[in-house]
Amino acid sequence: MAANMYRVGDYVYFENSSSNPLLIRRIEELNKTANGNVEAKVVCFYRRRDISSTLIALADKHAREMEEEMENPEIIDLPEKQKHQLRHRELFLSRQLESLPATHIRGKCCVTLLNETEALKSYLDREDTFFYSLVYDPQQKTLLADKGEIRVGNKYQADITDLLKEGEEDERDQSKLEEKVWDPSSPLTEKQIDQFLVVARSVGTFARALDCSSSVRQPSLHMSAAAASRDITLFHAMDTLHKTGYDMSRAIAALVPQGGPVLCRDEMEEWSASEANLFEEALEKYGKDFTDIQQDFLPWKSLTSIIEYYYMWKTTDRYVQQKRLKAAEAESKLKQVYIPNYNKPNPNQLNVNNVKPGLVNGAGTVPGPPGQTTGLGRACESCYTTSSYQWYSWGPPNMQCRLCASCWTYWKKYGGLKMPTRLDGERPGPNRSSMSPHGLPLRHSGSPKLAVKTRQAFYLQTSQLTRAARRICQDLLRPRYLARHPYIPVNATAIKAECAVRLPDMPKNPIPSKQTVRKPLESVVRYLEAHPCPLKPDPPRGASISTGSLTPIKSSPILNNGSPTILGKRTYEQHNGLDGTKPKALAPQWEIVSKRGSAPQQEEVHELD
């Protein structure tokens, strides 16, 4: 019951597509619509697959800088598989809000700010756990460091001096460590200090009456007196009293110099009403992110001025009224919502019982553990297993990839595969759909890594198990059929698995192979030297042939007597030349028509010495 109860502030999975990974969101509000449905106002988190490659390069650079600052060798010592899976745990916070139906919630997760003192491997040990350290702006397509990070670590701690022993004097210069701004043991009494502060407030009220801009902001005497009673006036009065050595006459004279009374104003007085409204609007949108408030709403104000105004604004009645209004709105909103488990079948599920084994080459059934469905030729794209209680189609339809139940759950939660796949350009997949039948990489417009062509010579060495599988599994492999259809991929995984099953039952006697007697190389060289290939004469140019006496016959087919025409196939000698001393001249087309009934000439064949 508690697992299906979702509250404001929870990090949850949302499903917007049956084939795409789940979305990760934080619930900000739960609202009930007019038709009775519940909508969740959520904060968006983005995965690495959701941002551009340029921003991913910036994120990797930021991660390397953090590794250098943390000086943690554990990150470097992680194996490649764990580094690959750790990228799936990284998220990017955004300020974007959106509303989604609460019925699309698929479970809870945990998202935390990356802690420098916590080991990264701990995120892999806990399921449904993610971390973030950067903020992504979907509109501006920017990636910035989160300003709200907690600075934990040795570099942020204060250096504490050793404790002084009894009777030991502190040799440090106290004037360099701190500055004295008030002396509580002054000769003035509390009554005299209060009287001086009243005089300072009166001078401040009179100074506002003389100032034109202040008379506009505080048109009445009560407002001017209230502004003069703020802390900025009292601080200035006490500083003046301390600087004059607590001499009342000198301090009063400093409040009213020769140019007129001193006017002290804080940020609450400096800001206009329109600026205050902009600040409240920005605070409603960004919260206490003062950097974004300055950039988007108040660029003419300094960051110090905005922060100072915020803490003064919290002491006003305006803040108290807004806080009461938000509390009343929160009372009317939903605090939690119950979402039952989603048990509908996924459209990507594959019904293995309805798949015909002949559709995939080499798709013979391979014995597997009891209670699990054996794979029909294609292994899991992630873990290479061939047995699973449920299969799911994954990836582009033309690649015909699929995942087992465990890897499909991992894909939906973390947005990636447990192992690097050929779609990432890191390793070839088990089904090798992107490879030609001979194992050569094909051109791929979407991935430059798959389009690499090498000019170096290579040698494909076949293992003994593969050579044995060719003979043992001839009924599944069908070598003659594959030779005529070289574009059909060969499922080597299923062939090898079937070979491992049949191999123990094969007879122990080796299969006799046909011995081929080949002549030595010297005899071949002597023959080529004695029978060089003659040069073919060029056909005569400009020769006019009279064909007026020829009568074409349409009823009977024209026989091909060995000449290269479009009316029939050419022989082997016409392609490569005939070995012999007498070169054979090509017959013109009109001679073929006239000699259509003649028998084909006997070709002269020479044997090697």
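The values are calculated or read from the model by the stated rules, or taken from the named source; none is laboratory data. The structure presented is a predicted model; accordingly, all values stated were derived computationally and were not measured. Cβ placement follows ideal geometry from the backbone for every residue including glycine, while neighbour counts extend to all protein chains displayed. Only protein heavy atoms, including side chains, enter the accessible area calculation; ligands, DNA and RNA are left aside. Shrake-Rupley method; radii C 1.70, N 1.55, O 1.52, S 1.80 Å.
Remarks
- FRET E, pair residue 501, residue 16, Förster distance 25 Å, beta-carbon r, rounded to 0.05: 0.05
- Taking a Cβ cut-off of under 12 Å around residue 324, the surrounding Lys, Arg, Asp and Glu residues balance to a net charge of 0, with basic ones at +1 and acidic ones at -1.
- Positive contributions from Lys and Arg (+1) and negative ones from Asp and Glu (-1), summed over other residues with Cβ under 14 Å from the Cβ of residue 261, come out at +2.
- Near residue 340, once Lys and Arg are set to +1 and Asp and Glu to -1 for all other residues with Cβ below 15 Å from its Cβ, the sum equals +2.
- Paramagnetic reach from residue 296 (point 7 Å along Cα→Cβ, amide N under 18 Å) across segment 78-96: 92-96
- For segment 242-350: accessible area per residue (Å², 1.4 Å): 65
- Peptides 130-138, 184-192, 391-399, 296-304 ranked from most to least packed, by the mean per-residue count of other Cβ atoms within 10 Å: 130-138, 391-399, 296-304, 184-192.
- Sorted peptide list for 42-52, 118-128, criterion being average Cβ within 10 angstrom, highest first: 42-52, 118-128
- Close amide H pairs (under 5 Å, H built 1.01 Å from N) link residue 111 with 130, residues at least 5 positions away or on another chain.
- Theoretical gain in end-to-end length, residue 314 to residue 137 [0.36 nm per residue, Cα-Cα removed]: 60.8 nm
- For the cross-link pairs 288/323; 121/155; 121/141; 83/418, the ones whose C-alpha atoms lie over 18 Å apart are 121/155; 121/141.
- Packing here is the average count of other Cβ atoms within 10 Å per residue, and on that basis the peptides 400-408, 523-531, highest first, run 400-408, 523-531.
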